[in-house]
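Derivation of every value follows stated rules applied to the coordinates shown; laboratory data play no part. Owing to the predicted nature of the structure, the values given are computational and were not obtained by experimental measurement. Glycine gets a Cβ as well: all are built from the backbone with ideal geometry, and neighbour counts include every protein chain shown.
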Ligand SMILES: [Mg+2]
Ligand SMILES: [Zn+2]
């Protein structure tokens, strides 16, 4: 039976690192890439007698995440100890949240897998809770199992994380990927997380099961770990679905397992059986006090919430009248959207012109030069100034591209570039006459064509004049001059 | 001048008038320690050189008129589960035998900044689990009143050290009676403050929702002075309460006429020795003579306190003690081939039987299928106990009970029967469950051994509690002299 | 339903405690005694009663998001039973982390 005959049921568990300066329960720095065990203190080393004190910003960011994911925010909540033994877990328990997550019952919207790919689908968010990160193990061998010893760095121990658990609402590897992309966008937008998968600040596990189409009962699920990119998530889920389909086709049962994605072989491999899964012996952490989150606190944070990508996209289309495609792309990145909006704000022309330039030259140069939007040398004012130079006829569109690139690289004022390089458009008919005459003389064939009624050939002659003047000639004036000379 | 039997408030006067130096004072105590330690064994670590050096520094600052506080130069002993930078903190466990904390506990910072002289770390039941100090991984401590008897526990070292004149005052910790029980057995004053009044930062936890740093002193006034030195808000302990500084010593001299003293009827009978009951009733007569109104009260859920304690305490302990795994500090079983066997063997070999027993109970009551039945249920009963207690304390200024059911028992007498050992805490655990302050003061002797009277007060009203205890102490005429060892 | 030595070993495994055969037997005895005793809390009617996990009536105790000094790596490693360079070292890990 082909995979299409099964419905793939996917739920995701995402851990995202919160963007705080200090750790969640102590004052150690969260900076990435420090020397091993240089950002640790008695608290995050779990030394006897130490006590946790909650980082206020971590709590706020968790609530912000919940708001961005349309969650309800718990009024009474607190922290629990989740107990298990592992060398990188210094206290023998992780401070986490068990039955009272700070945020619950939310959703995010993604494009569904329908035939024309335009239907919006709501994916439920079961919960978002706050917890602490563990340390990092470095294994001596090539993999965990052939190492004779492991080394431990606790710099990450105690970094604040949110765990986001989706409902099992996703139905294809592509949907899972879209969900993650949207989630990442939302978390970045709200400033909750940097979502850098390569630094481990965003991690994802997937629960995958199959059922025959038409069935309503869920099948046995497996959990997949170790996926290091969105592409890997998509590939791993697809592979896992195929593996389970093969088992089911062969009349075998899917065993509940935790499996790891192996990038090299492109397969999921057995890690452990769910039967032997841990008994975490949760208990309320007596070292921390209750959290009472009142409406005032939530509203204050809600007011700080930026306009979300969906809202922006709609506003761009409806108010700024830019194409749907441009709106989708620009609103997708908070930095890009903010840049775009600043240009629109200082430029007095149609937003459509700004979006054309943003989508064209600006992104081309951003990608080509590999610079971050926030580091771009061209300020929104300079961006708008280039457009205005075109609008008032000072430079032609083709010259403008060169000027734009120059400003992009140097940050020099566009008008001074135009002046310094003498790029201003030539609109003076007297000045252009000689060039036009020369071109007529040099292109008898084209002149013949025009005269014999092929008016298209006039475009060629205009082009020649433009070329001769290095794009500085005002094409409208050139056109009129040619028509006059050729008696049209 | 013979200084050993003098109360702290007199020593303060002698130091302030420079009749004695701290070096002299600390020297006498160190000599006393040297003399009685072979018999009493109250200390795990004695820092003779460090103490003398610190004493000389205090003398110098006092000569310059810059003594950091009234308590500057007074020696103090600290239970070995309170972290001290540069001095081992073992919790009387093999697993922390060589552990030296890189930081000072909050209370240690307070003692040091007050200029008190930390002479050493005292013996205890391993990780504060026990009522006799026999559970120390190193050696048992003896009761200075009768060397065949236990000093009580788990702060047995601190109580015995004060009782035998090795220090004038000491810090302990109290999770279910661990300051008050040894105070009662050793004939000293033992205070467990309100939960949250003294920061737990640096107190190695047994059970965080019950633990509190406490004081062992020769008399109520010394206890009040010490409380003033260690109480206060600490931002590093989330459960630390913000309160006004109180001069507890100054508040000792108020009349207690008209104060209402409640006697919970559930705290008498059963396993309580009739001699103990008799002594406590005699003490209430004394309070009456001082003008207090004594009345019987009923706290029906009190009979469940010990059961609740033996679910909640071990459950929290099973998590709090999970960090002793041989990875980043403490003992490690070095022959283990992999991490899991390292965990198993390190913990199996490094922890003593009583600690293991409580970890096992705690693990069991939290494990799948048992949480609601044991742990959640115990937390619910705790709610009821706390409520009944608060109600009783609405119309009573203080509740009075025996501290312990009997006088100190003999070494080895209960080691094979954990349940009978646990019964020693039956009157004390309730103050920990409810978070209220309680103090034990000596009230009688039986068979040559001291009997303690427990007074339980309202949350954060240590001033009133100590005032009533002080009035009783002054009026009872029952002065327990320092135990005469050797 | 009394706990057997096998049950005790299972609990001990969860708590990562190695026990000798004698210990498992003897703990089974004392654990049963203690559990029998604590069972008396069943007598209390706790219908609708909220559990108390902390006695201090405090909530929302937080600190500002400010970086405070850490320990030096040397201090951090000072109690390590085994180390290698700037790292703590442990024998090989056969299990996968959560
Ligand atoms: Mg998690
Ligand atoms: Zn830290």
On the principal axes of its Cα set, how long, how wide and how thick is region B:1-152? Give whole Å, largest value first. 45, 37, 22
Sorted peptide list for B:18-26, B:321-329, criterion being average Cβ within 10 angstrom, highest first: B:321-329, B:18-26
Kindly give Rg over Rh for region A:303-419, based on alpha-carbon atoms, with the Kirkwood expression for the hydrodynamic radius. 0.97
Gain in length, residue A:217 to residue A:35, computed as 0.36 nm per residue apart minus the alpha-carbon separation, to one decimal in nm? 60.5 nm
Expressed as a whole number, the average count of other chain Cβ atoms within 10 Å around the Cβ atoms of B:345-354 is 3
Over all directions, what mean area does the Cα convex hull of region A:259-345 project, stated in square nanometres? 12.7
For region A:56-113: span of alpha carbons on each principal axis (Å, largest first): 41, 32, 21
Roughly speaking, what is the stretch gain from residue B:100 to residue B:277, that is 0.36 nm per residue apart minus the C-alpha to C-alpha distance, in nm to one decimal? 59.3 nm
Log entry: pair-distance distribution for region B:153-258, C-alpha pairs binned every 10 Å from zero, whole % per bin is 16, 44, 33, 7, 0
Relative packing of peptides B:96-102, A:183-189, B:199-205, C:58-64 - highest average C-beta neighbours within 10 Å first: B:199-205, A:183-189, B:96-102, C:58-64
Across the Cα atoms of region B:306-429, what radius of gyration and what greatest pairwise Cα-Cα distance (Dmax) are found, in Å? 18.6, 62
For chain C the translational diffusion coefficient, Stokes-Einstein from a Kirkwood Rh over Cα pairs at 37 °C and viscosity 0.692 mPa s, in µm²/s, is roughly 168
Averaged across orientations, what area in nm² does the convex hull of the alpha carbons in region A:429-486 project? 3.3
Rounded to two decimals, what ratio of Rg to Rh does region B:396-486 give with C-alpha atoms and a Kirkwood Rh? 1.01
Across A:15-21, the residue-averaged tally of Cβ atoms belonging to other chains within 10 Å stands at 1
Could you work out the mean count of beta carbons from other protein chains within 10 Å of each residue's beta carbon in A:285-296? 6
Taking alpha-carbon centroids only, region B:426-460 lies from region B:59-110 a number of Å equal to 27
So what's the gap between the Cα centers of region A:4-79 and region B:218-272, to the nearest angstrom? 39
What ranking, highest mean first, results for peptides B:117-129, B:212-224 when packing means the other Cβ atoms within 10 Å averaged over each residue? B:117-129, B:212-224
Solvent-free Debye scattering, log10 I(q)/I(0), computed from the Cα coordinates of region B:364-405 at q = 0.27, 0.30 Å⁻¹: -0.86, -0.93
Once you have all Cα-Cα distances for chain B, histogram them in 10 Å bins from zero and send the whole-percent values. 4, 22, 33, 27, 12, 3, 0, 0
Can you put B:80, C:65 in order of Cβ neighbours within 10 angstrom, beginning with the fewest? C:65, B:80
Kirkwood radius from Cα pairs of the protein assembly as shown plugged into Stokes-Einstein at 20 °C, 1.002 mPa s, gives D in µm²/s equal to 64
With Cα coordinates, the longest principal axis of chain A makes an angle with the long axis of helix A:309-318, in degrees rounded to 10, of 30
In degrees from 0 to 90, rounded to the nearest 10, what is the angle of the helix A:457-468 Cα long axis to the longest principal axis of chain A? 80
If only Cα atoms are counted, what is the Rg of region A:193-330, and what is its Dmax, in Å? 21.8, 58
Expected 222 nm ellipticity per residue - DSSP helices of 4 or more, -39500 (n - 2.57), all of the protein assembly as shown, to 500: -11500 deg cm²/dmol
Debye calc, one equal point scatterer per Cα of region B:260-335, no solvent, log10 I(q)/I(0) at q = 0.20 1/Å comes to -0.95
Between the Cα axis of helix C:21-38 and the main Cα principal axis of chain C, the angle (0 to 90°, nearest 10) is 70
Average projected area [Cα convex hull, chain A], square nanometres: 32.5
Using 7 Å Cα-to-Cβ label points, what is the residue A:295/residue B:334 separation (nm, one decimal)? 6.5
